[in-house]
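S.K.: First, the structure itself, so that you have it in front of you.
The values are calculated or read from the model by the stated rules, or taken from the named source; none is laboratory data. Quantities reported herein were computed from a predicted structural model and do not represent experimental measurements. A quick note on method: Cβ atoms are made from the backbone with ideal geometry, for glycine too, and the neighbour counts reach across all protein chains shown. What goes into the accessible areas is simple: the full protein's heavy atoms, side chains included, and nothing from ligands, DNA or RNA. Shrake-Rupley method; radii C 1.70, N 1.55, O 1.52, S 1.80 Å.
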Amino acid sequence: MKIGIVGGGQLGRMLALAGVPLGLECRFLDPNPKAPAGAIAALRVGEFTDRRELRRLARHSEVVSFDWENVSVAALRAATRGSGTRIAPPLRALSIGQDRWAEKRLFERLGVPTTCYAAVDSRAALWRAAARIGLPGVLKTRRLGYDGKGQQVIRDHAGLDAAWRALGGVPLLYEEFVPFDAEVSGLGVRARDGSVALYPLVRNWHAQGILRLSMAPWRAPALERQAHRHVRAVLREFRYVGLLAIEFFVKRGRLIANELAPRVHNSGHWSIEGAVTSQFENHLRAIAGLPLGSVASVGHSAMINLIGRMPAAAELLRIPGLHLHDYGKAPRPGRKLGHCTLVAPDAALRNRRARRLLRALDLKLPGIP
Ligand SMILES: Nc1ncnc2c1ncn2[C@@H]1O[C@H](COP(=O)(O)OP(=O)(O)O)[C@@H](O)[C@H]1O
Ligand SMILES: [Mg+2]
C-alpha cells in the first residue's frame, strides 16, 4: 500500500522505516530537498501549500497523513477532494492541533483539566489577561510554535511589555505558569474500526522548552489512568484514526493538559525498541486500515534527544542496551539531530544507565530518578 506523508522530517523518516517490513511504502512532500525522510523514501520537493504537489501525492497514495501539524488544512482538503484518497488523522483534529487556543477550548469542552488561559491580540488584552489569570504566566504564539519557540515566560509587569514586544503582532495565548512537579505524556492510537490502544505513561524532561529525556513505562498508576481517560476522550471526539499524543503537567497528583499533537510524537520514540509495536508502526497500521499491534512495553526505556551536535557513535554504543538513531541532519544549535534509547530489564538499571549517559552528554536535568 502506498502512503503519502506531508512533511519529511525525522518523524516521517521513522514512519517510512516502520512501514518497510509491512510492505507499506511511504512517499513524502517537503520544501527541504535534504529532508531526513528523503534518504530512505521518495521525496517530492514543494511547499506544504502547493496544491499541485499535494494533489499528486494524493493521486499516488491510498491514504495521506502528515508528520507535523503546520500543514495547510485547506490545501490538504482541496487536494484530496474527489480523489477517493483518505486523510488520517482527521483534518478536524489537525486544525485544532494547529492552534493552542482551540486545543485549550477542546480540553475544556471534553472535561480535560487544562491551564487558565486567554486569547491575546493586543497589548491591552495581554494586561487584562495577566490581571485575570495572574503572574507569572507564559505568552505563546497560538500557531507555529515548537520546541519552546514562540514563547516567553513573564514574571512581572515589566515582563509583560517585553514579551509583547517580542511576540506581539500575531494571535497569542496567555496562560498561567504551572509550577509543575513533573511532565508526562499520554499516547494512544485508534484504528479505523474504532479499536483503541493506549501506551504506558511516559515521563518527560524538557530544557529550554525542548524535550531532552523520556522514560517509559513510568509507573504511576493513578496518573496513567487519568492520562488514558483524557487521550481516549480526544480520540473518541474526532473518531480519530492514527496516533495522538497529549502532553500534561503533573501538579499534586493531578494532570493538567498542556497541548496535543495529532501525529507521532517525540515522547513516543522509546517505543521503537521499548514496546511490542512502535508508535510509528501503529500509526501506519491504523491509517492503513490494519489491526493495531500490542502497545505493551518490553523492558524499561529511557530516550534521550541528541540536540545541536551528534556525539561520537562509538562512545554511545559502548553503553549496554543502547540504540542510536541518527536522522542525518546538518548540526545547528537547538536542532534535534537524533536520539538514543536505552532499554534495560528493570527500572533501577534503566535509571542508572540513563544517569551515566546524561553525565557523558554533560546534560543536567532536575529530578532524574
Ligand atoms: N504554562 C506553563 N507553565 C510551565 N511550563 C510551561 C508552560 N508552558 C510551557 N512550559 C514549558 O515549556 C515546554 C514547551 O512548551 P509547549 O507548550 O509544550 O510548546 P511546544 O509546542 O514548543 O512543545 C513545556 O514542555 C514546559 O516544560
Ligand atoms: Mg510541547
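S.K.: Consider Ile287 carefully, then state whether it is buried (at least 16 other Cβ atoms within 10 Å of the Cβ), among the β-branched types (Val, Ile, Thr) and farther than 30 Å from Ser61 by Cα.
M.R.: No: the conditions fail for Ile287.
S.K.: Taking the residues in region 238-258 that are crowded, with 21+ Cβ neighbours inside 10 Å and away from ligand 1 (no atom under 12 Å from the Cβ) as candidates, determine which candidate is farthest from Val71 (Cα to Cα).
M.R.: Leu255
S.K.: Among the candidates Lys364, Lys329, which residue alone is closer than 29 Å to Phe66 by Cβ and touching a strand residue (DSSP E or B) at 6+ places or on another chain (Cβ under 9 Å)? It would help to see each step written out before you state the result.
M.R.: On the way: Lys364 fails: closer than 29 Å to Phe66 by Cβ.
On inspection, the qualifying residue turns out to be Lys329.
S.K.: Can I ask one more? Residues that are within 15 Å of Ile96 (Cα to Cα): find the helices (runs of 4 or more DSSP H) completely inside region 217-288 holding 2 or more of those.
M.R.: 221-238
To keep it simple, each residue is scored yes or no on (1) closer than 24 Å to Glu69 by Cβ; (2) free of Cβ contacts under 8 Å to residues at least 12 places away in the same chain; (3) not hydrophobic (A, V, I, L, M, F, W, C).
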{"site": "Leu260", "(1), (2), (3)": "yes, no, no"}
{"site": "Val264", "(1), (2), (3)": "yes, no, no"}
{"site": "Ser267", "(1), (2), (3)": "yes, no, yes"}
{"site": "Ile272", "(1), (2), (3)": "yes, no, no"}
{"site": "Thr277", "(1), (2), (3)": "yes, no, yes"}
{"site": "Leu284", "(1), (2), (3)": "yes, no, no"}
{"site": "Gly289", "(1), (2), (3)": "yes, no, yes"}
{"site": "Ala302", "(1), (2), (3)": "no, no, no"}
{"site": "Ile307", "(1), (2), (3)": "yes, no, no"}
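S.K.: Taking the stated definitions as given, is Tyr174 away from ligand 2 (no atom under 16 Å from the Cβ), buried (at least 19 other Cβ atoms within 10 Å of the Cβ) and closer than 28 Å to Pro291 by Cβ?
M.R.: When the stated conditions are applied, Tyr174 does not pass them.
S.K.: Tally up the residues in region 1-60 that are in contact with a His (Cβ under 7 Å, 6 or more places away or on another chain) and within 24 Å of Lys336 (Cα to Cα), please.
M.R.: 3
S.K.: Considering each residue of region 187-209, count those that are open to solvent by less than 20 Å² (accessible area, probe 1.4 Å) and either of a type in the set (A, V, I, L, M) or assigned to a strand (DSSP E or B) (or both), and give that number.
M.R.: 9
S.K.: Select from region 175-209 the residues that are touching a Leu at 6+ places or on another chain (Cβ under 7 Å) and away from ligand 1 (no atom under 16 Å from the Cβ) and list them in ascending order.
M.R.: If the condition is that a residue be touching a Leu at 6+ places or on another chain (Cβ under 7 Å) and away from ligand 1 (no atom under 16 Å from the Cβ), then Gly188, Val189, Arg190, Ala191, Ser195, Val196, Ala197, Tyr199 are the ones that fit.
S.K.: Suppose we keep only residues that are of a type in the set (A, V, I, L, M, F, W, C), over 24 Å from Leu290 (Cα atoms) and in contact (Cβ under 8 Å) with a residue 60 or more places away in the chain within region 30-84. Which one would you say is surrounded by the most Cβ atoms within 10 Å (Cβ to Cβ)? Spell out how you get there, then give the answer.
M.R.: Our first condition is that a residue be of a type in the set (A, V, I, L, M, F, W, C); within region 30-84, this holds for 35, 37, 39-43, 45, 48, 54, 57-58, 63-64, 66, 68, 71, 73-76, 78-79.
Right, trim to over 24 Å from Leu290 (Cα atoms) and you get 35, 39, 43, 45, 48, 54, 71, 73-75, 78-79.
Then keep just the ones that are in contact (Cβ under 8 Å) with a residue 60 or more places away in the chain; that gives 39, 71.
Details: Ala39: 13, Val71: 21.
Ranking the qualifying residues of region 30-84, first place goes to Val71.
S.K.: Another question about this same structure. Does Glu69 meet the test of being over 12 Å from Leu284 (Cα atoms) and assigned to a loop (DSSP other than H, G, I, E, B)?
M.R.: So Glu69 fits the description; yes.
S.K.: Right, another one. Could you list all residues from region 109-130 that are in a strand (DSSP E or B) and more than 16 Å from ligand 2 (Cβ to nearest atom)?
M.R.: The answer is Ala118, Ala119, Val120.
S.K.: Next up: Hey, does region 218-237 have a residue that's surrounded by fewer than 23 Cβ atoms within 10 Å (Cβ to Cβ) and touching a Ser or Thr at 6+ places or on another chain (Cβ under 9 Å)?
M.R.: no
S.K.: Output the number of the condition that Ile319 fails; it satisfies all remaining conditions of (1) surrounded by 17 or more Cβ atoms within 10 Å (Cβ to Cβ); (2) at pLDDT below 95.
M.R.: Only one criterion is unmet by Ile319, namely (1).
For (1) away from ligand 1 (no atom under 11 Å from the Cβ); (2) in contact with a helix residue (DSSP H, G or I) (Cβ under 6 Å, 6 or more places away or on another chain), each residue gets a yes or a no:
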| site | (1), (2) |
| --- | --- |
| Arg123 | yes, yes |
| Arg128 | yes, no |
| Ile133 | no, no |
| Leu144 | no, no |
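S.K.: I'm trying to understand the selection: among the residues of region 131-151, which are within 16 Å of ligand 2 (Cβ to nearest atom), under 17 Å from Asp161 (Cα atoms) and outside any strand (DSSP E or B)?
M.R.: Of everything in region 131-151, just one residue is within 16 Å of ligand 2 (Cβ to nearest atom), under 17 Å from Asp161 (Cα atoms) and outside any strand (DSSP E or B), namely Gly150.
S.K.: Can we say Ala330 is among the small types (Gly, Ala, Ser), away from ligand 1 (no atom under 16 Å from the Cβ), open to solvent by 10 Å² or more (accessible area, probe 1.4 Å) and assigned to a loop (DSSP other than H, G, I, E, B)? So that I can check it myself, show each step before the final result.
M.R.: Details: among the small types (Gly, Ala, Ser): yes; away from ligand 1 (no atom under 16 Å from the Cβ): yes; open to solvent by 10 Å² or more (accessible area, probe 1.4 Å): yes; assigned to a loop (DSSP other than H, G, I, E, B): yes.
Criteria met by Ala330.
S.K.: List pairs: first in region 135-157 and open to solvent by less than 60 Å² (accessible area, probe 1.4 Å), second β-branched (Val, Ile, Thr) and not in a strand (DSSP E or B), Cβ under 9 Å, 6+ apart or cross-chain?
M.R.: Sorted first by the residue in region 135-157, then by its partner, the pairs are Val138/Thr115; Val138/Val178; Thr141/Val170; Arg142/Val170; Gly150/Val170.
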